[in-house]
Amino acid sequence: MALLLEVIVQSVADARAAARGGADRLEVVRAIRDGGLTPPAALVRAIAAEVPLPLRVMVRENAGFSTSERELAALREAIAGFASDGIDGAVLGFADGCEPAIDATVRVLEAAPALKATFHRAFDHLSDPLDAIDRLAAIPQIDRILTSGGEGTPADRCERLRTYTARANGRVIIIAGSAVDQEMLALIAQTRCVPEVHVGRAARADDDPDSPVSAARVERLRELAG
């Protein structure tokens, strides 16, 4: 079975190009150089009107993985609005130091109780990722965890991703994301260490995160993903 290919987009043009190239799902963000922040609701609606692909939408107010009471109010308002627009899911993730910020995560999700969510790369900053998988899997709305697979060679990362997938044991889906280039994607497809991959730079001209999505690049990634 082919890997599911998720592509980060920042515009309607990005979304169209990703769809032409064969993406299966889009992650909608703004400020991609900051790791992705909450996009405008109007952009999400415009993409949904143009492209018939599932949308996961970033819900994040700063470039780090902490949050505040003021931000939580904005995040709750944003996620409720996205849920009312019928998106596939949200993307969020908070950490208290090296521990998952479970309370903040749940408080945001409670504003959209029927919406599924991906816990994003705050996961890669946690001290005990295997324990974190258990704790995150216990939150009913979280159905995916996005992770780079850590440091090291592509083989090292794939082995770690395999370990995470085994620990998740079907409770959540592990998505490989961050620094997933063509070499890494080919190895993931070969080893089947995860069922889904998430790409940003690799889908853009010259690997520049602010460049438009290239349909041709996405098509090549689609070929590698199967």
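The values are calculated or read from the model by the stated rules, or taken from the named source; none is laboratory data. Everything quoted here is computed from the prediction, not taken from an experiment. With ideal geometry, Cβ positions are generated from the backbone for all residues, glycine too; neighbour counts draw on all protein chains shown. Only protein heavy atoms, including side chains, enter the accessible area calculation; ligands, DNA and RNA are left aside. Shrake-Rupley method; radii C 1.70, N 1.55, O 1.52, S 1.80 Å.
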For this session: Can you tell me which residue among ASP103, ASP131 is within 22 Å of LEU161 (Cβ to Cβ), outside any loop (DSSP other than H, G, I, E, B) and more than 17 Å from the chain's Cα centre (by Cα)?
Result: ASP131
Exercise. Which of the residues belonging to segment 71-87 are surrounded by 15 or more Cβ atoms within 10 Å (Cβ to Cβ) and part of a loop (DSSP other than H, G, I, E, B)?
Worked result: ILE87
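Taking PRO113 as the residue in question, decide whether it is part of a loop (DSSP other than H, G, I, E, B) and under 28 Å from GLY21 (Cα atoms). Give the steps one after another, and end with the answer.
Working: part of a loop (DSSP other than H, G, I, E, B): yes; under 28 Å from GLY21 (Cα atoms): no.
No; evaluated as a whole, the condition is false for this residue.
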Problem set entry | Residue among VAL199, VAL213 that alone is more than 21 Å from THR118 (Cα to Cα) and not basic (Lys, Arg) | VAL213
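Being within 11 Å of ALA215 (Cα to Cα) and surrounded by fewer than 24 Cβ atoms within 10 Å (Cβ to Cβ) is the filter here, so list the residues in segment 15-25 that pass it.
Across segment 15-25, the qualifying residues are ARG16, ALA19, ARG20, GLY21, GLY22.
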For this session: Quick one: in segment 39-70, of everything that is without any contact (Cβ under 8 Å) to a residue 60 or more places away in the chain and part of a strand (DSSP E or B), which residue is farthest from GLU6 (Cα to Cα)?
Result: VAL57
Exercise. Identify, please: which residue in segment 189-224 is of a type in the set (D, E, K, R) and assigned to a loop (DSSP other than H, G, I, E, B) and is, among those, farthest from VAL12 (Cα to Cα)?
Worked result: ARG192
For this session: Within segment 182-226, track down each residue that is among the polar types (S, T, N, Q) and under 25 Å from ARG33 (Cβ atoms).
Result: GLN182, SER211, SER214
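Every residue, every condition in (1) among the basic types (Lys, Arg); (2) within 21 Å of ALA23 (Cβ to Cβ); (3) open to solvent by less than 50 Å² (accessible area, probe 1.4 Å), yes or no:
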site: ARG45; (1), (2), (3): yes, yes, no
site: LEU53; (1), (2), (3): no, yes, yes
site: VAL57; (1), (2), (3): no, yes, yes
site: CYS98; (1), (2), (3): no, no, no
site: ASP131; (1), (2), (3): no, no, no
Exercise. Would you pick out the residues in segment 192-218 that are in contact (Cβ under 8 Å) with a residue 40 or more places away in the chain and among the polar types (S, T, N, Q)?
Worked result: SER214
For this session: Could you please let me know if ALA74 is within 21 Å of ILE32 (Cα to Cα), over 15 Å from the mean Cα position of the chain (by Cα) and modelled with pLDDT of 95 or more?
Result: yes
Problem set entry | Selection count where residues are buried (at least 21 other Cβ atoms within 10 Å of the Cβ) and in contact with a Pro (Cβ under 7 Å, 6 or more places away or on another chain), scope segment 169-203 | 2
Exercise. Restricting segment 24-58 to residues that are of a type in the set (Asp, Glu) and in contact with an Asp or Glu (Cβ under 8 Å, 6 or more places away or on another chain), which is farthest from ALA117 (Cα to Cα)?
Worked result: ASP24
